[in-house]
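Every number here is computed from the coordinates shown, using simple stated rules; none is lab data. These figures come from a predicted structure and were not determined experimentally. We place every Cβ from the backbone using ideal geometry, glycine too, and count neighbours over all the protein chains shown.
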Amino acid sequence: MAYIKQKMHEHLWYYSSLLIVLTLGVIFIVFSNTNVKAQLSITVLVTFFYVLWGIIHHHLDHDLTAKIVIEYVLIGTLGMTIVYFLLG
């Protein structure tokens, strides 16, 4: 149990920063509700940050592999695709 608490404390900054960026992305998308191009641009930027965040996070943890990079890219692409079809 102590190991889990230690890991949660170590990673609190990572997940807090991710949560802040994702929340800001949603807020900016909502406030630009009349401009679909701006919404899609914000989605691309947030997705880019998400993928970059995942790569940096795993690199710092020394467990970065090609499989993890592909996973982040695919999840980001899936998210962008969903937003594109919801807005389009």
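For the reader, a short list of remarks on this structure follows.
- Angle between the chain longest axis and helix 2-31 axis [Cα atoms, degrees, rounded to 10]: 10
- Among GLY54, VAL83, TYR72 - extreme Cα towards positive end, dipole of the range 2-87, charges at beta-carbon: VAL83
- As computed over the range 2-87, the Cα convex hull volume per residue (Å³): 92
- Over the chain, DSSP H runs of length four or greater, each weighted -39,500 (n - 2.57), average out per residue to a 222 nm ellipticity of -31000 deg cm²/dmol.
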